[in-house]
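Q: Can you keep this structure in mind? I'll have questions shortly.
The values are calculated or read from the model by the stated rules, or taken from the named source; none is laboratory data. These figures come from a predicted structure and were not determined experimentally. FYI the Cβ positions are ideal-geometry reconstructions off the backbone, even for glycines, and counts take in every protein chain you see.
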C-alpha cells in the first residue's frame with residue numbers, strides 16, 4: 001500500500017493528506033469513537049519522503065485546527081497547530097510577531113517510538129487561506145458526530 005492515486009483532500013506545501021472516511025460506522029454513536037478518520041498522509045521534502053496510513057486524525061481535531069487557522073488569518077494569533085491525540089502526525093504554522101512570513105513545521109512519526117520525520121517550510125498567508133478551504137470541505141464531507 002502507498003499513497004492514493006487521486007488529489008489529496010488537504011495539501012500544505014510538502015504535506016498531502018487523503019481522507020478515506022470515518023474509521024468506524026455511522027451507528028457508533030459516542031463522540032470518542034465516531035469521529036476518527038481513516039487517512040493516508042505523506043510529506044515530501046527536498047531529500048526525504050515519508051508516509052503513513054491509519055486512523056490518526058479526528059474530525060474535532062480538524063475543527064479546532066480550522067478555528068486556529070481562521071484566528072491566524074484575522075491576526076488574532078501567531079500559531080495554528082494540530083497535534084492529534086494519536087501523535088503520528090502534527091502540523092504547526094507559526095508567525096514571528098514582527099513579520100508576515102510563516103513557517104509550517106510538519107512531523108510524521110511512521111513508527112511511534114522508533115521513527116520520526118520533521119520538515120520545515122517557509123510559507124505565506126495564501127497557503128493558510130487555501131488550507132482553510134480544504135479543511136472546511138473535509139468537515140462538510142465528514143462532520144463532527146455525536147457531540
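Q: Within the bounds of the stretch 69-83, is there any residue that is within 14 Å of residue 37 (Cα to Cα), part of a loop (DSSP other than H, G, I, E, B) and touching a strand residue (DSSP E or B) at 6+ places or on another chain (Cβ under 8 Å)?
A: Scanning the stretch 69-83, I find no residue that is within 14 Å of residue 37 (Cα to Cα), part of a loop (DSSP other than H, G, I, E, B) and touching a strand residue (DSSP E or B) at 6+ places or on another chain (Cβ under 8 Å), so the answer is no.
Q: Does residue 4 qualify as being in contact with a helix residue (DSSP H, G or I) (Cβ under 9 Å, 6 or more places away or on another chain), surrounded by 14 or more Cβ atoms within 10 Å (Cβ to Cβ), free of Cβ contacts under 8 Å to residues at least 60 places away in the same chain and within 21 Å of residue 119 (Cβ to Cβ)?
A: So residue 4 fails the test.
Q: Can I ask one more? Restricting attention to the stretch 13-36, which residues are under 26 Å from residue 126 (Cβ atoms) and in contact (Cβ under 8 Å) with a residue 40 or more places away in the chain?
A: Of everything in the stretch 13-36, those that are under 26 Å from residue 126 (Cβ atoms) and in contact (Cβ under 8 Å) with a residue 40 or more places away in the chain turn out to be 13, 14, 15, 17, 19.
Q: Which residue, of 99, 126, 113, is on the phi < 0 side of the Ramachandran plot and modelled with pLDDT of 90 or more?
A: Going through 99, 126, 113 in turn, just one is on the phi < 0 side of the Ramachandran plot and modelled with pLDDT of 90 or more: 126.
Q: In addition: Limited to the stretch 86-128, what total is found for residues that are touching a helix residue (DSSP H, G or I) at 6+ places or on another chain (Cβ under 8 Å) and surrounded by 12 or more Cβ atoms within 10 Å (Cβ to Cβ)?
A: At the first step, the residues of the stretch 86-128 found to be touching a helix residue (DSSP H, G or I) at 6+ places or on another chain (Cβ under 8 Å) are 91, 93, 95, 100, 102, 104, 125, 128.
From what's left, surrounded by 12 or more Cβ atoms within 10 Å (Cβ to Cβ): 91, 93, 95, 102, 104, 125, 128.
Adding up the residues that qualify gives 7.
Q: Evaluate the stretch 12-23: report whether one residue or more is modelled with pLDDT under 95, surrounded by fewer than 14 Cβ atoms within 10 Å (Cβ to Cβ) and not in a strand (DSSP E or B).
A: No - not one qualifying residue is present in the stretch 12-23.
Q: To continue, here is another question. Is there a residue being under 11 Å from the mean Cα position of the chain (by Cα), assigned to a helix (DSSP H, G or I), without any contact (Cβ under 8 Å) to a residue 40 or more places away in the chain and crowded, with 18+ Cβ neighbours inside 10 Å anywhere in the stretch 45-65?
A: yes
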